Amino acid sequence: MGKSRAAFNRLFEIVLDQQGYFTAKQAVVAGYADNVHPFHVKAGNWIRERRGIYRLAKFPPTDRPDLMLWSLWSRGRDDRPRGVFSHETALSFYDLSDVNPARLHMTVPPGFRKGTPLPKGLVLHRARIHESDTQEVLGVKVTTPLRTLADMVEEGVVQKDHQEQAIKEAFARGLVTDTRLRDAARIPEKIKREIVRLRDNPRG
């Protein structure tokens with residue numbers, strides 16, 4: 001009983017930062033043997049969400065459990081998430097426009113691969129994102145407002161009026177400033193100029 005309680009306590013510490021979710025590897029690290037996973041699912045202690053991803057059945061409901069689920073889905077061999085929520089999803093995070101995406105947008109490294117079909121509710125973009133271009137929201141990584149605007153402008157998948165709205169809102173709220181934009185070495189100069197143009201001459 002002592003070992004079981006200790007394992008549960010360690011696992012609970014993990015899931016507190018992950019909206020109740022955990023991976024099979026994290027359960028092992030907490031002290032659970034590999035062969036007990038089916039038992040805990042059958043007993044109703046754990047809910048199997050996807051291959052290698054579980055959720056504590058009695059964990060209180062959270063605001064956006066889908067974000068944590070797909071973040072963990074994107075994990076690599078080291079069990080660390082590779083995906084960063086971006087594009088339209090990041091815009092909605094920061095409430096920068098009226099964009100209300102039906103699917104979640106996530107950026108993953110160019111070499112990212114999964115052995116299972118891509119879930120219907122997920123759109124993957126492939127790029128390398130520097131750590132400083134991300135921040136944590138609700139326990140998952142999201143592109144910063146500036147990186148989000150740059151991606152939006154560069155890929156052009158968001159309508160122009162929504163681009164204008166997002167850029168104006170980001171500057172008005174101080175999420176993006178002229179100094180940050182000027183000093184952003186990883187954003188191409190032509191994208192910087194377009195961001196400024198849309199901000200200053202939205203109908204030009």
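Quick note: the coordinates plus some simple rules give every number you see, no bench work behind them. As the structure is a prediction and not an experimental result, all values here were calculated from the model. Because the Cβ atoms are built from the backbone with ideal geometry, glycine has one as well, and the counts that use them run over all protein chains shown.
A few points about this structure:
- Reachable lysines from Lys58, criterion Cα separation under 27 angstrom, eight or more residues apart if same chain: Lys3, Lys25, Lys42, Lys141
- Whether the chain is rounded, prolate or oblate, judged on the alpha carbon gyration tensor where a/c under 1.5 counts as rounded: prolate
- FRET efficiency, Arg173 to Leu122 (Cβ-Cβ, R0 22 Å, nearest 0.05): 0.20
- Antiparallel DSSP beta bridges within segment 65-200, percent to nearest 5: 55
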